[in-house]
1. Highest first, please rank the peptides 195-203, 257-265, 227-235, 133-141 by the mean number of other Cβ atoms sitting within 10 Å of their residues.
2. Largest first, please: the extent of the C-alpha atoms of segment 70-269 along each principal axis, to the nearest Å.
3. Sequence gap at least 6, Cα distance under 8 Å: using those rules, report the relative contact order of segment 70-269 to the nearest whole percent.
4. Distance from the Cα centre of segment 197-273 to that of segment 119-176, in angstrom?
5. For K255, list the lysines whose Cα falls under 19 Å from its own Cα; do not include residues on the same chain fewer than 8 positions away.
6. Kirkwood Rh and Cα-based Rg: tell me the resulting Rg over Rh for segment 176-273, rounded to two decimals.
7. D227 label point, 7 Å along Cα→Cβ, cut-off 20 Å on backbone N: hits in segment 159-193?
Amino acid sequence: MTIDLAPDQLLRWYIDAGIDACVGEEPVDRFAAPKPAPPPREAAPPPANRPAAPARAFAAPTEAPPPAPARESAGTAAHIAAECTTLEALRAALEAFDGLAMKRTAQSTVFADGNPEADVMVIGEAPGQDEDRQGLPFVGRSGKLLDRMLASIGLDRSTTYITNVVPWRPLENRKPSPDEVAVCMPFVARHIELVDPQLLILLGGASASALLARHEGIMRLRGRWFDYSSPGLPRPVPAMATYHPAYLLRTPAAKRDAWRDLLQVKKRLSGGA
């Protein structure tokens, strides 16, 4: 006699009978020793004088190489910068350089502004949004304050030459990292050599620390004279570090100290010690 059960009734009958696992159709002796695995098959030697396989028409896609380390990029920058004998060649080299990721997110390579024949060279940190848009350094609010600072000691953009340590705007106007500054330093050094100024004004901590090779902050570096030296310069160049105009906009009380720094620059330019 056969009893027809619905699937759910059959499952319930199995559970009540203590059957809680599925097995194969053939019984398995789980106490028997396992059969040894068959020996691996040796690959047949290739036939003699077999022609080489033709190249595939389409190669498998490969991942893009990772960005070059900062040390490698700095070495490349040093080699490129050393070959530049004019400011035009240096500008072209910077525009073609691809050793920093920040360049890919910037609109412009902000090279310089002012008179390259001037005695005074002003070096800031990095372009901001306005500078990136116009391709010129110090054209935003900081630039307007810098113009007033220079005018207070009888200077303007026709009697100064203005640039930055980093020629590309970091995203969100962040401060350039030490690695990014290190990559740009060969270009900055060559820039100074080609201009050959009589005096440097370094705006902000990143500019002062990098060019003076000092670890102190701008509050300790400002107001003091240092000598900037480079193999391509005929003599050391006096350098005065002071606050960046962007910092002065946020901290108006520091303008008094910046004014004192500028007075020292004016005195030096007039022949004073």
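1. Ranked from most to least packed, the peptides come out as 195-203, 133-141, 257-265, 227-235.
2. On the principal axes, segment 70-269 reaches 41, 39, 32 Å in Cα extent.
3. Rounded, it is 23 percent for segment 70-269.
4. 14 Å
5. K144, K266, K267
6. Details: Rg = 13.7 Å, Rh = 14.1 Å.
Checking Rg against Rh, the ratio lands at 0.97.
7. 189-190, 192-193
Laboratory data are not the source of any read-out in this text; all were calculated from the coordinates shown. Note that this is a predicted model, so its numbers are computed, not measured. Backbone-built Cβ (ideal geometry, glycine too); neighbour counts: all protein chains shown.
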